[in-house]
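Input: a single structure, listed below in structure tokens.
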Amino acid sequence: MLENLEEYTDKLIEEFEAISKDAERVQRETLKSILEDNASAEYLLNLGLNGKTDPESFKACVPLVTHEDLLPYINRIVDGEKSSILTGKPITHLVLSSGTTKGKSKYIPWSETLLDSVTQILQTAFAFRDRELPIKNGKCLSIVYLSAQSQTKGGLIVGTIASHVVGSKRYFEAMAAIKSEICSPLEVISAPDFQQAMYCHLLCGLIFRDEIQLLDALFIHSFVQVFRTFEQVWEELCNDIREGVLSSRITIPSVRTAMSKILKPDPEKANLIHKICTGLNNWYGVIPELFPNAKYLLAIATGSMEAYLPSVRHYAGELPVVTNDYGASEGMVATNLHPTVPAEFASYTVFPNCGYYEFIPLSEDSSACVDPKPVGLTEVKVGEEYDIVITTSRGLYRYKLGDVVKVTGFYNSTPELKFIRRSGTLLSINIDKNTENDLRLAAVAASKVLAQEKLEVVDYTSHIDLSKEPGHYVIFLEINGKASEEVFGECCNSLEKSFVDPGYTSSRKVNNIDPLELRVIRPGTFQKIFDHFIGMGASATQLKTPRCVPATNTKVIQILNDNVLSKYISTAFN
Ligand code: AMP
């Protein structure tokens, strides 16, 4: 297979062409196979499908659900009940989703069938990318951290999606088949301390710097984190390479042993890296300088990750930043088949054999109905927004994923989706309703004001402050420098002016909501929040910044408030 990479990628593209041309039939078959495999599941038996596997009967018998609706079933699985509850074959493994969007991790049934979709999507996306951004026999600097797996009281194995996928032999084989060998040893990837793993990832990347053709991560936030760390530790990394001796900051014996096999004294390389680092202007373009044969960076860069694009592009210089795929711990959905389109405009093409998909229309016409009817994969309309619903072989039937997507077109007969936002309202005090996307646009508006002073928003979050009637929005911004009082004041007003939802503006005009407050926080505060979540067992690979922190999350609120540098009250409605 390895010698015939081109033949192999051509075959993958041909297979995708075939399924995407026949998406409706493939969807019917996928549903049939999911329902046949799980016909003995208690959940389906109780719904009276009686062996029917067609979409019409399925929709008539099975209700739309959320994770909460399934909790009574999932809890029995977590507790170790061995019967066929949601699936035909009992579930033995669970995925713990990152949970940062809603503030709570969720257990989700897992089985090896998800690896089929992951590897199919990974390899097909590579095949498409390779036509435009070819990679030849290179290594990949993969910023990935596998958190350790654990067991529930009921004896089920729990891990993050990354630990189940990246830790599997099949993933390594799939990567090898497309010639993207990860440069870090497994001991580094699975190190129990993510700071030590990050340092070693950087060191491995530098050791193999001429061979690195690709840098990848799950979310682009990981690139920001790793290159911000590089700014702090580059001299130490150079010393390690010069002497061939690993820094004493790495204390995990298995990591030290694994690194000792690849770290050899190389003063010439150390001097070259030193020269590169001292010659850069504010670290612009550090990535192509360090990795001269890198072709692109690959990681999810849409949705809440768009906020990090300016920082990643700063480090990446002229190198393309390609957004990767769209999926969740619950199941895979789609991938990016147009790698040269900038992430802001990217769409993801749905794989019609990776699950059964339905779409609840969100247009004004549809939301006028109390209960808008979901439509099938091939019935969606270009330009419409939908709440996505997924059915998988792992026991999720008509499950609302909690994401809003917009159909931007079709690839053959399968739709291409732009990720819009998490569903539901993020900020609301009374009749106002602002989504994750509204907050993102407000942060973009604030960034534009700060750009006048050559400053950037490092990260942002929000909070509803109800400590004083009638309550107000608080926006926390971490900024990479200090602006004048006037600029911060302007920034605060631009944040408030961005919330154009009539519920918000009308409440503000009659002071049913108090003026928005901007709290500027100390550099490094979001890293402290990140460390807090890691300490609670979250996965460093999957973690996303919570975009709204509820009052109940007292620890995160405390970290934010302890680090406030200055506060501003909006005068936008004065
Ligand atoms: P988790 O299961 O915790 O890894 O999170 C899955 C969620 O991440 C999805 O439901 C989306 O909200 C978000 N997500 C995944 N892929 C993308 C993407 N390509 N663009 C934007 N958000 C994404």
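I want the antiparallel fraction of DSSP beta bridges within the chain, as a percent rounded to 5.
Beta bridges within the chain, antiparallel portion: roughly 65 percent.
Note that region 154-168 has calculated 3J(HN,Hα) couplings of x, x, 7, 7, 10, x, 7, 4, 4, 5, 5, 7, 5, x, 8 Hz, one per residue in order, obtained from phi through the Karplus relation 6.51 cos²θ - 1.76 cosθ + 1.60 (θ = phi - 60°); glycine and proline are x. A simple spin-label model places the labels of GLU36 and LYS468 6.6 nm from each other, with each point 7 Å out along Cα-to-Cβ. When +1 charges are put on Lys and Arg Cβ atoms and -1 charges on Asp and Glu Cβ atoms, the dipole computed for the chain relative to its Cα centre reaches about 980 debye. Residue by residue, region 255-272 carries 3J(HN,Hα) couplings of 6, 4, 5, 5, 5, 5, 6, 10, 8, 10, x, 8, x, 5, 5, 4, 5, 5 Hz when phi is fed to the Karplus relation 6.51 cos²θ - 1.76 cosθ + 1.60 (θ = phi - 60°); x denotes Gly or Pro.
Semi-axes of the equivalent ellipsoid for region 436-569, computed as √(5λ) from the eigenvalues of its C-alpha gyration tensor and ordered from largest down, come to 24, 19, 13 Å. Taking label positions 7 Å along the Cα-Cβ direction at both LEU246 and ASN4, the computed distance is 4.0 nm, reported to one decimal.
The coefficient of translational diffusion for region 224-374, derived via Stokes-Einstein from the alpha carbon Kirkwood radius under 20 °C and 1.002 mPa s, stands at 112 µm²/s.
In the structure shown, do any of LYS52/LYS106; LYS139/LYS169; LYS11/LYS136; LYS32/LYS89 have a Cα-Cα gap over 20 Å, and if so which?
Exceeds cut-off: LYS52/LYS106.
Legend: residues MET536, MET175, sorted from most to least accessible area (1.4 Å probe; ligands, DNA and RNA excluded), read MET536, MET175. Remark: the THR552-HIS532 segment gains 5.7 nm on full extension, using 0.36 nm per residue and subtracting the alpha carbon distance. In region 134-319, inverting the average of 1/r over every pair of distinct C-alpha atoms gives 17.1 Å as the Kirkwood radius. Each residue of region 189-194 was assigned a 3J(HN,Hα) from its phi angle through the Karplus curve 6.51 cos²θ - 1.76 cosθ + 1.60 (θ = phi - 60°); the sequence is 4, 9, 4, x, 10, 6 Hz, with glycine and proline shown as x. Note on the chain: semi-axes of the ellipsoid equivalent to its C-alpha gyration tensor, largest first and rounded to whole Å, are 36, 34, 23. Counted by Cβ distance under 12 Å from ILE19, the other residues give a net charge of -4, where Lys and Arg count +1 and Asp and Glu count -1. With a cut-off of 13 Å between beta carbons, the residues surrounding LEU146 carry a summed charge of -2, where Lys and Arg count +1 and Asp and Glu -1. With a cut-off of 15 Å between beta carbons, the residues surrounding GLY155 carry a summed charge of +1, where Lys and Arg count +1 and Asp and Glu -1. Distance between the 7 Å Cα→Cβ label points at THR66 and ASN561: 2.7 nm. Near the amide H of ASP403, within less than 5 Å, lie the amide hydrogens of ILE388, SER423, all on another chain or at least 5 residues away, with H placed in the peptide plane.
How high is the relative contact order of the chain, in percent, counting Cα pairs under 8 Å that sit 6 or more residues apart? Normalised by residue count, the contact order of the chain is 14 percent. Of the trypsin sites (Lys or Arg not before Pro) found in region 4-108, the ones in coil according to DSSP and having at most 12 other Cβ atoms within 10 Å of their Cβ are LYS82, LYS104.
The residue among PRO339, GLY205, MET175 whose Cα reaches farthest toward the positive pole of the charge dipole of the chain, with charges on the beta-carbon of Lys, Arg, Asp and Glu, is GLY205. Helices in the chain, meaning DSSP H runs of at least 4 residues, each add -39500 (n - 2.57). Divided by all residues, the mean residue ellipticity at 222 nm is -12000 deg cm²/dmol.
Computed extension gain for GLU56 through VAL444, at 0.36 nm per residue and net of the alpha carbon distance, reaches 135.3 nm. Counting only DSSP beta bridges with both residues in region 436-569, the antiparallel share comes to about 70 percent.
Which of the trypsin sites (Lys or Arg not before Pro) found in region 479-574 are in a DSSP loop and have at most 16 neighbouring Cβ atoms, other than their own, within 10 Å?
Details: sites: LYS482, LYS497, ARG508, LYS509, ARG519, LYS528, LYS544, ARG547, LYS555, LYS567; in loops: LYS482, LYS544, ARG547.
In loop regions of region 479-574 (DSSP not H, G, I, E or B), the sparsely surrounded trypsin sites (Lys or Arg not before Pro) are LYS482.
When VAL510, VAL457 are compared by accessible area at a 1.4 angstrom probe, the order from most to least is VAL510, VAL457. Largest first, the residues SER347, SER248 sort by 1.4 Å accessible area into SER248, SER347.
The values are calculated or read from the model by the stated rules, or taken from the named source; none is laboratory data. It should be emphasised that the depicted structure is a prediction, and the values quoted were computed from it without experimental measurement. Cβ: placed from backbone, ideal geometry, glycine included. Neighbour counts: every protein chain shown. Only protein heavy atoms, including side chains, enter the accessible area calculation; ligands, DNA and RNA are left aside. Shrake-Rupley method; radii C 1.70, N 1.55, O 1.52, S 1.80 Å.
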